[in-house]
Amino acid sequence: MHPNPIFHTASDLENLEFARHRAFGMLTVNGPEGPLAAHVPFILSKDGSLAELHLVRSNPIVRALSQPLPALIAVTGPDSYVSPDWYGIDDQVPTWNYQAVHLRGRLERRPDSELAALLERQSAIYEGRLLPKAPWRLDKMSEPARAKLLRMIVPCRMTVDAIDGTWKFSQNKPDEVRERAADGVEADGFGSETRALARLMRGA
């Protein structure tokens, strides 16, 4: 995460709400031969103390989980390159603006008996954001297909011990300079969700 405290003003609640809304991140652990990573959807408990997810049974992280492991889920939002020319002032350098939250804790494999309930919770949360669509449910699958799915994946849970967020929107620049940079990001920026990032920069 960026070390400048000006980019760390979001509260734990704001960071958790961002992570909860994104609902997708990079899970990383240290495996026996080095770092392991998986891109995973997850759900957070109401207080943000637990992140629940599932992994394909053949994932190397699952094989490493003979006991709980320190883990991190990195959740990223909009990002873009920022050209120093967009500021309209001298002696600036290129940078990259972005929004990201890190959730740190201990990851554990849960009993297979908890998997169906986890999938129901996950799908209910995700499908609930698609209203007025009738939500998909696990029981819409045939029993053979459902049993095959449940054999392929395993439930996991991370106890969240620490939350850190970087919301880097050029807050270290005067308002008018940041506005010009936001205009540049919206018009010509490259990265992910550049228009969304420009809006965040204007509101910083």
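The values are calculated or read from the model by the stated rules, or taken from the named source; none is laboratory data. Since this is a predicted model, take the numbers as computed values, not measurements. Neighbour counts run over all protein chains shown; Cβ positions are idealised from the backbone, glycine included.
Name the residue that is farthest from the chain's Cα centre (by Cα), counting only residues in region 130-169 that are surrounded by 11 or more Cβ atoms within 10 Å (Cβ to Cβ) and assigned to a loop (DSSP other than H, G, I, E, B).
The selected residue is Met141.
Could you check region 1-55 and list, in sequence order, the residues that are of a type in the set (S, T, N, Q) and under 14 Å from His102 (Cβ atoms)?
If the condition is that a residue be of a type in the set (S, T, N, Q) and under 14 Å from His102 (Cβ atoms), then Asn15, Thr28 are the ones that fit.
Quick grid of which residues meet (1) touching a Leu at 6+ places or on another chain (Cβ under 7 Å); (2) farther than 29 Å from Glu14 by Cβ; (3) modelled with pLDDT of 95 or more:
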{"residue": "Trp86", "(1), (2), (3)": "no, no, yes"}
{"residue": "Gln92", "(1), (2), (3)": "no, no, yes"}
{"residue": "Tyr98", "(1), (2), (3)": "no, no, yes"}
{"residue": "Leu115", "(1), (2), (3)": "yes, yes, yes"}
{"residue": "Ser123", "(1), (2), (3)": "yes, no, yes"}
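If you scan region 25-51, which residues turn out to be closer than 21 Å to Arg121 by Cβ, among the aliphatic types (A, V, I, L, M) and surrounded by fewer than 18 Cβ atoms within 10 Å (Cβ to Cβ)?
Ile43, Leu50
Can we say Arg157 is among the basic types (Lys, Arg) and at pLDDT 95 or above?
Here the answer is yes, as Arg157 does meet what is asked.
Check Glu179, Glu127, Glu108, Glu120 and return the single one that is more than 30 Å from Val62 (Cα to Cα) and either small (Gly, Ala, Ser) or not in a loop (DSSP other than H, G, I, E, B) (or both).
Glu179
Answer yes or no as to whether Gln122 is surrounded by 16 or more Cβ atoms within 10 Å (Cβ to Cβ), polar (S, T, N, Q) and under 19 Å from His54 (Cα atoms).
yes
If I filter region 160-204 down to residues being out of contact with any Ser or Thr (no Cβ under 7 Å at 6 or more places or on another chain) and of a type in the set (Val, Ile, Thr), which single residue comes out as nearest to Ala100 (Cα to Cα)?
Only one residue fits best here, namely Thr166.
Can you tell me which residue in region 176-194 is nearest to Thr76 (Cα to Cα), limited to those that are of a type outside the set (D, E, K, R) and without any contact (Cβ under 8 Å) to a residue 40 or more places away in the chain?
Here the answer is Ala182.
Taking Thr194 as meeting all but one of (1) modelled with pLDDT under 95; (2) in contact with a helix residue (DSSP H, G or I) (Cβ under 9 Å, 6 or more places away or on another chain), write down the number of the exception.
The single condition Thr194 does not satisfy is (1).
Residue check, Val93 against (1) in contact with an Asp or Glu (Cβ under 8 Å, 6 or more places away or on another chain); (2) outside any strand (DSSP E or B); (3) under 28 Å from Met1 (Cβ atoms), all met but one. Which one?
Of (1) in contact with an Asp or Glu (Cβ under 8 Å, 6 or more places away or on another chain); (2) outside any strand (DSSP E or B); (3) under 28 Å from Met1 (Cβ atoms), only one is false for Val93: (1).
Can you pull out the residues in region 182-194 that are under 30 Å from Leu55 (Cβ atoms) and in a loop (DSSP other than H, G, I, E, B)?
Answer for region 182-194, where residues must be under 30 Å from Leu55 (Cβ atoms) and in a loop (DSSP other than H, G, I, E, B): just Glu193.
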